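Take a look at the structure below.
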Amino acid sequence: PAPMGHKSGKQVFYGRVVHSKSLTELEILPRAALGVTETGTIAFLDSSVASATDACKKYHPDFDGATCTTLEPLQFLFPGLVDTHLHAPQWPNLALGMEGDLKEWLHNYTDPIEASYKNNEKAERVYSAMVRRELELGTTTCAYNSTIHYQATNTLADICRKQGQRAIIGKLCILINSTHGNWEDSVEKSLEDEMKSVDYIRSIDPKGEMILPCIQPRGGAYCPPDLMAGLGKQAQNGGELIHVQAHMCETTTDIKEALKTHPKYSSYAEMYKAYGMLHEKSIMAHCIHLTETDMDLLKEQKAGVAHNPNSNTCLRDGECRVRELLDRGIKVGLGTDCSAGYSTFILDAMRQASNVSRHLVIHTGEERLKLSFEEIVYLGTMGGAQVVALDDKIGNFEVGKQFDALLVDVGIESMSAYVGEHKDDDSALVKKWVFLGDDRSIRKVYVGGKLVAGKDT
Ligand code: GUN
Ligand code: FE
């Protein structure tokens with residue numbers, strides 16, 4: 001195998017391959033051959049191949065001489081996990097601060113720690129350890145929220161690039177309704193510093209292959225109209241849209257404060273749209289208490305929803321009605337919302353999305369609100385790819401996409417008691433992984449064909 005983070009030559013994997021074809025179809029190919037080019041592109045996915053040698057020599061002569069990996073019987077390839085919403089600076093607070101509601105949590109825990117990233121050494125220390133851990137947990141793409149400091153934001157971009165994680169990164173903008181000094185001096189400074197991060201990210205990755213810039217108003221209650229208008233203009237970027245990541249309709253109190261700050265609008269989505277902030281590269285976190293107008297606009301503008309079930313439960317925000325969003329054709333992905341949620345493992349987000357949907361069934365008696373196994377896997381991989389507007393590049397193993405993948409092993413010691421008598425049931429093995437697995441099963445993590453983490457590295 002190629003050394004960590006280095007360009008590999010051509011690679012062929014032979015064995016079980018699992019990925020989402022659609023919300024209802026989770027494809028499991030027990031004897032597949034998957035070829036990856038030197039640039040990390042998936043060149044072929046053959047569904048039924050007799051052996052690894054056949055895969056290379058017989059069907060794909062130009063892969064003769066490629067590095068061949070034959071998976072063991074209890075191993076499979078699974079798409080890299082996509083986290084559509086994670087607050088990088090809040091990482092040290094994971095598992096703390098669950099006593100209060102959103103407002104209390106923000107003021108008691110979040111504002112003080114975010115303000116502390118004025119010290120860029122802290123950013124280097126925390127973000128290096130965080131990105132390393134995120135890759136071990138199989139998050140190959142992450143949409144990060146940062147802080148009001150462009151230096152710390154640029155440091156995060158450097159670290160993701162160095163460690164090989166695909167990321168969407170921007171400086172957070174806050175002017176009002178914040179505490180502990182966690183706000184910026186002026187509209188002008190906020191906008192100027194936002195562009196410093198956008199420009200910096202473009203300078204380190206001009207083609208946007210791995211790191212993409214992002215405009216980040218914290219939410220409607222934190223950015224007054226003149227700041228929102230300026231940020232919207234930056235996000236529109238003369239027609240070449242830049243990603244947006246922001247909070248929307250998390251609690252009823254937050255909605256009231258947002259609309260009080262922007263009295264010209266009667267709904268959260270209408271406000272973002274009016275400023276030019278709701279478009280096909282927009283990631284809207286939470287979207288729990290939506291009006292009809294909000295949903296119509298999310299759909300119309302092709303904006304995506306980051307569903308953060310762990311966070312929404314911890315802060316008692318409410319339950320996002322994922323079924324309704326999916327039925328309307330709105331893009332939905334999963335987020336961990338570290339540190340309002342206590343886990344940054346996307347498999348945890350899948351489990352919690354399943355549970356939250358089941359609680360909705362309990363409250364309403366409407367069975368259709370329940371998310372299926374196929375759906376939760378889709379949300380954590382393909383759905384996430386759609387929400388971050390990279391579905392032409394990642395999310396499953398379609399030919400032409402980048403090879404962002406996990407080599408999962410449910411044959412390890414810690415899983416043996418669970419897997420036991422289901423060794424020959426492909427579907428059971430995948431369910432055991434999703435509901436019972438942890439990073440001990442993640443033997444290798446690939447981003448763009450490069451080995452970047454995993455227990456085998
Ligand atoms: N609303 C505004 N800021 C935040 C944040 O950092 N986390 C969550 N969960 N909600 C927010
Ligand atoms: Fe958040």
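The numbers here are math on the coordinates, done by the rules we state, and not lab data. Because the structure is predicted, anything quoted here is derived from the model rather than measured. Note that each Cβ is placed from the backbone with ideal geometry, even for glycine, and that neighbours are counted across all protein chains shown.
Just to confirm the filter: which GluC sites (Glu not before Pro) across the range 47-117 are DSSP coil and have at most 14 other Cβ within 10 angstrom of their Cβ?
On the way: sites: 99, 104, 114; in loops: 99.
Here the GluC sites (Glu not before Pro) that fit, given the DSSP loop and packing criteria, are 99.
Over the range 149-214, Cα pairs under 8 Å with separation of 6+ residues give a relative contact order of 42 percent. Counting other Cβ atoms within 10 Å, keep those with at most 16, restrict to DSSP loop, and tell me which trypsin sites (Lys or Arg not before Pro) in the range 202-264 are left. Those that pass, being in a loop and sparsely packed, are 207, 264.
Hey, any idea what the orientation-averaged projected area of the convex hull of the range 324-447's Cα atoms comes to, in nm²?
Details: hull surface 37.6 nm².
For the range 324-447, the mean projected area of the Cα convex hull comes to 9.4 nm².
Residue by residue, the range 119-133 carries 3J(HN,Hα) couplings of 7, 6, 5, 5, 4, 4, 5, 5, 5, 4, 5, 5, 5, 4, 5 Hz when phi is fed to the Karplus relation 6.51 cos²θ - 1.76 cosθ + 1.60 (θ = phi - 60°); x denotes Gly or Pro.
Helix 187-204 and the longest principal axis of the Cα set of the chain meet at an angle near 20°. Backbone phi angles across the range 271-282, fed through the Karplus curve with coefficients 6.51, -1.76 and 1.60 (θ = phi - 60°), yield HN-Hα couplings of 4, 4, 4, 4, 7, x, 9, 10, 8, 6, 10, 9 Hz in residue order; Gly and Pro are listed as x.
Inter-label distance, residue 455 to residue 416: 1.2 nm, where each label sits 7 Å from its Cα along the C-beta direction.
Over all pairs of different C-alpha atoms, the range 81-387 has a mean inverse distance whose reciprocal, the Kirkwood radius, equals 18.8 Å. For a modelled paramagnetic label at residue 253, 7 Å from Cα along Cα-to-Cβ, the residues of the range 309-351 in reach, with backbone nitrogen under 15 Å, are 314-318. Bridges between two residues of the chain, per DSSP, are antiparallel at a rate of about 40%.
For residue 453, the amide hydrogen comes within under 5 Å of the amide hydrogens of 445, counting only partners 5 or more places away or on other chains and with H modelled in the peptide plane. The modelled label-to-label distance between residue 31 and residue 207, using points 7 Å beyond Cα along the C-beta direction, is 3.8 nm. Ordered by the count of other Cβ atoms within 10 Å of each Cβ, fewest first, 110, 457 give 457, 110. Mean separation of Cα pairs under 8 Å and 6 or more residues apart, divided by the residue count, gives the range 81-387 a relative contact order of 19 percent. If the segment from residue 260 to residue 355 were pulled out straight at 0.36 nm per residue, it would be longer than the present Cα-Cα gap by 30.8 nm.
Quote the relative contact order of the range 1-91 in percent (integer), defining contacts as alpha-carbon pairs under 8 Å separated by 6+ residues.
32 percent.
At 222 nm, what helix-only mean residue ellipticity would the chain give, in deg cm²/dmol to the nearest 500, using -39500 (n - 2.57) for each DSSP H run of four or more? Roughly -10000 deg cm²/dmol at 222 nm, from the helical runs in the chain.
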